[in-house]
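The values are calculated or read from the model by the stated rules, or taken from the named source; none is laboratory data. Note that the structure is a prediction, hence the values are computed from the model and not measured. Because the Cβ atoms are built from the backbone with ideal geometry, glycine has one as well, and the counts that use them run over all protein chains shown.
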Amino acid sequence: MRHTINVLVENEPGVLARVAGLFSGRGFNIESLSVAETLDPPVSLMTIVTRGDDQVLEQITKQLNKLVCVIKVMDLVGKEYVAREMILVRVAVKPETRAEILSITDIFRGKVVDVSPKSYTIEVTGDEEKIKAFIELLKPMGIKDVARTGNVALVRG
Amino acid sequence: MKKTGAQILLECLKREGVEVIFNYPGGAILPITHELPNWDFETILVRHEQGAVHAADGYARASGKVGVCLVTSGPGATNTVTGLATAFMDSIPLVVLTGQVPTPLIGNDAFQEADIVGISRPCTKYNYLVTDVRDLARIVREAFYIAKTGRPGPVLVDLPKDVTAGATEFKYPKEVHITGYQPTLDGHMPQIKRAIQLILKAHRPIIYIGGGIITAGAGDELTRLAEMLHIPVTMTLMGLGGFPGTHPLSLGMLGMHGTYRANMAVTDCDLLFAVGARFDDRVTGRIDSFAPKAKKIHIDIDPTSISKNVRVDIPIVGDCKRVLTKMLTLLQEEKGLTEYRRSLEAWHQQIEKWKNAHRLAYNQNQVIKPQYVIEKIYEMTKGKAIITTEVGQNQMWTAQFYLFDCPHTLLTSGGLGTMGYGFPAAIGAQVAFPKRTVIDIAGDGSIQMNIQELATAVHYKLPVKVAILNNGYLGMVRQWQELFHERRYSMTHIGDAAPDFVKLAEAYGAMGLRATRPDEVVPVLREALRTPLPVLMDFVVEPEEGVYPMVPAGEAIDRMLLV
């Protein structure tokens, strides 16, 4: 099962390596990981999306908690939470596809953030389903590049 | 007044109560080496950095204090990795101080530069690179705190040369506060109460203890609890000495080379009470056949050890000593303990049957049997020596035939299985206890992995004894080849190019002795034990003797090979 885990960590050099090393060293899987400073600058928030059965997830959360640089671990599964990801997509444009691309972008509340004679770069934010649908719709037009942030998540309320 | 980084470091070590530093010098660490003679630390110059870490580890295991070593950057630092991994697997508190190239050179592939913080990350409890001399005192303080609290472990502090040569005002941090590091010490009371009720419902209970008992100093509490309830106790390799091996309730070691009675009892028990042990694969064998009928209770200070390999019914996170003390208090209020003890009578009778069915045994004929040597060492030291081992057959025979009654008397690389550990560890233990008898029980293979430390033992007049069980083979691997690989002794016969250990000892200025016949064993041991020098004893033993019982890897532990 897929889990989204929020991890508060010390904002110090080497912390990402400790967390990543824990996953690789113990054979756990990272689907996505995003990290940035919180409002409290010495602390960063990592959102890790991972997969595993209950026993694996129990180990992942325990092992994360055991790291000296980890302050708090929250597995969001079973909780109400919002998760969003941002992607940048560079898609090929031709005169006959231009209008359709713009209208898809509009429907997905995306933004064209860069324009060149042969391509648009589009920014879209959303949950997993939305991002997936957006990519599927653009595929026939010719996607040249995709950059994704991975999920960030917060508990509701 | 300003102090240099080197002075601050040594002042901090002093305040931590450090008495001994195992060290090896080098360019990047020279500011500290230069400062050392101004202080009254006992400094032991080893002959290889791996020896320094194992010696600090042996010192720590024997004394219960934090072991400290100091080495230079690059190869000095990378040579500590095996020692760090050894201590990490066995939860031994160490602070390893490594030199590093000056901060402006870090990342430039400078001479003797290695990213030791990166290299040692997965085999240390925590590690630090000090980039500013003003952080040094706080970091050293934290390093010791982390090393010795919670589940102990090695901490590495990497010290760039400009940091130790730099200077700042010395301020010693009054206390340590690390937000992300708050070990749970007191067990959860409702869980403890549930555990007691579960134990009192059991008809065939077993206590299974590991090294956590020794780390926590909980041997007495455990013994009282076992006696109060009359429950048999089995020990892991790391747990030997945590409960007296000669106690009537002792079943000896369990697992791959455990006793028949311990493995049968664990397989048949209806309650397994695990204390400070971690259900290692060498203990459990095939995991779904390990104590299959038992409800399981597990006390451990490390939450990740609980339900990692085996699901338990009642997990208790906490310090073994504190939790057992609470259990004892609660048990004193229980009525019906006499009845309970009586109800276990049938269980004890069954265990007695297993005990008599297959005892640990060997046949002493015209050739020296390795088990015989260990039995004689046990008798002649009255079980009071500090014993270290190397890894392999020598280690398992020691675990089987030397009955450890006291904690901190068996020093052995349990988790990592590091050949070459025993001899430097014995040196460390001898430094901690100059008056006690310290014996490394070794094989002819493993002793050659850190043989250079003979010079250290001679240099500091440390009367460490080494008993080499010389069978001309890498014996444990040979045994696996015999049993599982068509007796093809590929890469395991080393006897043809063996050094003359007696001459080798003499070349270093130590004493060398040899026994080739059974009747020479006792005289050699007697001579070695009364000599105030390091002694290498070469016991030429039966080449193809095996360690039994043996559970083949991945088998259920009641399926033992008994011959």
(message) So if I check each of B:394, B:363, which one is outside the structural domain of residue B:260 (by TED's automatic domain parsing) and in contact with a Gly (Cβ under 7 Å, 6 or more places away or on another chain)?
(response) B:394
(message) For the condition over 25 Å from the mean Cα position of the chain (by Cα), at pLDDT 95 or above, part of a strand (DSSP E or B) and under 23 Å from residue B:361 (Cβ atoms), what is the one hit in B:540, B:521?
(response) B:540
(message) Anything in segment B:462-491 that is surrounded by fewer than 20 Cβ atoms within 10 Å (Cβ to Cβ) and either among the hydrophobic types (A, V, I, L, M, F, W, C) or touching a Lys or Arg at 6+ places or on another chain (Cβ under 7 Å) (or both)? List them, or say none.
(response) B:477, B:480, B:481, B:483, B:484, B:489, B:491
(message) When the residues of segment A:62-74 are narrowed to those that are part of a helix (DSSP H, G or I) and surrounded by fewer than 19 Cβ atoms within 10 Å (Cβ to Cβ), which ends up farthest from the other protein chains (Cβ to nearest Cβ)?
(response) A:65
(request) Being part of a helix (DSSP H, G or I) and more than 8 Å from every other protein chain (Cβ to nearest Cβ) is the filter here, so list the residues in segment A:10-21 that pass it. (result) A:15, A:16, A:19, A:20
(message) Among (1) small (Gly, Ala, Ser); (2) more than 30 Å from residue A:1 (Cβ to Cβ); (3) touching a residue at least 24 places away in the same chain (Cβ under 8 Å); (4) surrounded by fewer than 13 Cβ atoms within 10 Å (Cβ to Cβ), there is one condition residue A:147 misses while meeting the rest; what is its number?
(response) (2)
(message) Please count how many residues of segment B:425-469 are of a type outside the set (A, V, I, L, M, F, W, C), in contact with a Pro (Cβ under 6 Å, 6 or more places away or on another chain) and assigned to a helix (DSSP H, G or I).
(response) 1
(message) Tell me whether segment A:123-142 contains one or more residues that are assigned to a strand (DSSP E or B) and in contact with a Ser or Thr (Cβ under 6 Å, 6 or more places away or on another chain).
(response) no
(request) Would you mind finding the one in A:117, A:95 that is closer than 22 Å to residue A:147 by Cα and part of a loop (DSSP other than H, G, I, E, B)? (result) A:117
(message) Can you say whether residue B:306 is touching a Lys or Arg at 6+ places or on another chain (Cβ under 6 Å) and within 14 Å of chain A (Cβ to nearest Cβ), as far as the supplied structure shows?
(response) no
(request) Mind listing whichever residues of segment A:32-53 are among the acidic types (Asp, Glu) and either free of Cβ contacts under 8 Å to residues at least 40 places away in the same chain or buried (at least 18 other Cβ atoms within 10 Å of the Cβ) (or both)? (result) A:37, A:40
(request) Out of the residues in segment B:406-454 that are of a type in the set (Ser, Thr, Tyr) and closer than 17 Å to residue B:60 by Cα, state the one that is surrounded by the fewest Cβ atoms within 10 Å (Cβ to Cβ). (result) B:437
(request) Counting only residues that are at pLDDT below 95, give me the strands (runs of 3 or more DSSP E) lying completely in segment B:232-295 with at least 1 of them. (result) none
(request) Go through (1) out of contact with any strand residue (DSSP E or B) (no Cβ under 9 Å at 6 or more places or on another chain); (2) on the phi < 0 side of the Ramachandran plot; (3) surrounded by 17 or more Cβ atoms within 10 Å (Cβ to Cβ) one by one and return the number of the condition residue B:383 breaks. (result) (2)
(request) Residues being touching a strand residue (DSSP E or B) at 6+ places or on another chain (Cβ under 8 Å) and without any contact (Cβ under 8 Å) to a residue 60 or more places away in the chain: count how many of those fall in segment B:521-549. (result) 3
(request) Six or more apart or on different chains, Cβ under 6 Å: which pairs go from a residue in segment B:123-134 that's more than 9 Å from chain A (Cβ to nearest Cβ) and touching a residue at least 60 places away in the same chain (Cβ under 8 Å) to one that's in a loop (DSSP other than H, G, I, E, B) and surrounded by fewer than 23 Cβ atoms within 10 Å (Cβ to Cβ)? Could you list them? (result) B:133/B:166
(request) Can you give me the ranges of the helices (runs of 4 or more DSSP H) entirely in segment B:173-229 with at least 1 residues that are surrounded by fewer than 17 Cβ atoms within 10 Å (Cβ to Cβ) and out of contact with any strand residue (DSSP E or B) (no Cβ under 7 Å at 6 or more places or on another chain)? (result) B:189-201, B:219-229
